[in-house]
1. Please state, as a whole number in µm²/s, the translational diffusion coefficient that the Stokes-Einstein equation yields for segment 127-241 at 4 °C and 1.567 mPa s, with Rh defined as the Kirkwood radius across alpha carbon pairs.
2. Calculate, in nm to one decimal, what residue 242 and residue 50 gain on full extension: separation in residues at 0.36 nm each, minus their alpha carbon distance.
3. Just how far, in whole angstrom, is segment 89-159 from segment 449-472 if you go by their alpha carbon centroids?
4. Under the rule a/c < 1.5 gives rounded, and otherwise a/b versus b/c splits prolate from oblate, where does segment 1-87 land using the Cα gyration tensor?
5. Using the alpha-carbon atoms, what tilt in degrees (0 to 90, nearest 10) does helix 253-263 show relative to the longest principal axis of the chain?
6. Using Cα pairs under 8 angstrom and six or more residues apart, how large is the relative contact order of the chain, in percent?
7. Between residue 220 and residue 262, what length in nm is gained on full extension when 0.36 nm per residue of separation is reduced by their alpha carbon distance?
8. Please list, by residue number, everything in segment 1-41 whose backbone N is under 13 Å from a paramagnetic label point 7 Å out along Cα→Cβ of residue 59.
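Bear in mind these aren't lab numbers, they're just calculated from the coordinates by the rules spelled out. All figures in this text were calculated on a predicted structure; none of them were measured in a lab. Cβ sites come from the backbone with ideal geometry, for glycine too, and all protein chains shown count toward neighbours.
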Ligand SMILES: *Cc1c(COP(=O)(O)O)cnc(C)c1O
């Protein structure tokens, strides 16, 4: 009778106390604590009991499982105590890869986070007076020196920092236009990245969207005709992740700024990219940054900290002190403000710009990396894995992209390693690369896996080789 046999099998299962007495698990108790090991042990015993009930285990199979039960519990513990957020190697060539964490932080930023966040800091404390201070001051002066010298040298500019650019847009719209109308071109009612949609943000901010023009052409007169006593703001949304080409028209920022001034209505640009340097210089054409926006004399520009600025996730609102002051006094600001870690990273990143030390900022170093340097590294890797007979390796010219909803039409010339295996189809090779201890993220094109070393830190080249070796044999 099967039931009789099952009863006997149940009796084979150890009690949790017996299990904990095994020397292997004593080691785990030292590492993970008694409670965690007890829970993991119980879960494993419970699973075996269930498998007996379901008739999935016979006596021999149960014997094998019990022989290695300490190992099973240890594996379970290791999995539940491992980090979910892990470092990966980005071999996609997409510099600001939103799914891979956008911009990597500079070593100065990390050091500054460590030294200020491991203990107490003067985050909101004025060391000169011994009184309460504001957290904004830590970056305010740096934005002033970086941007102020290009624009309005006679009048200061102010910057507030919130959680990201989406929050910055929301906060600015809510402050300036709640209950009123915001005029936007139909060619700019866009969705950017992770479900940031201009019309939806507008609704949530309490402002009413007033669409003007058409998808491809909007004239200054379209804006002007839409202005009424209910109008609170003219909004320009930067086309961050797409381009409209062909029969198109859009007033310049300068023209929009002048129109706003004539009607005493503020003009804001949702710029996104946050570039604090000359984009042409690094080969990014037809794209403008924060300095150009402020030079156009608009009242406010909002932008991200972790796109072309290469800093931590954050959103900046820059403009004249009066209008930025109003935004700062909005109670929503308190809900969207950023943590000391972000100020520390931002401060270190901005100081690198002040020194002109672009290469210390990883995203900028990657964008500026010459294709020939990438080619040399690719050749070196190709030579190192030449003994792996399973693999065919080519070096081809290709293009890297900036990504992160930035500079949609700009590409950077690069060289990629194109690898195919005689044993594994490319998607399988790609999947195994993701399963490595240090996962490698690469793209597949025509049954080859492509590695663009522009976004791989040179010190990771060895780990990349090690992964290929582990997959394709030594
Ligand atoms: C990227 C982008 C945003 C969203 O920025 P986050 O920092 O990701 O919130 C908003 N507007 C524009 C124009 C952008 O390019």
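1. Calculated translational D: 79 µm²/s.
2. 63.7 nm
3. 32 Å
4. In terms of gyration-tensor shape, prolate.
5. Here the helix axis deviates by roughly 60 degrees.
6. 19 percent
7. Full extension of this stretch gives 13.9 nm more.
8. 1-2, 4-12
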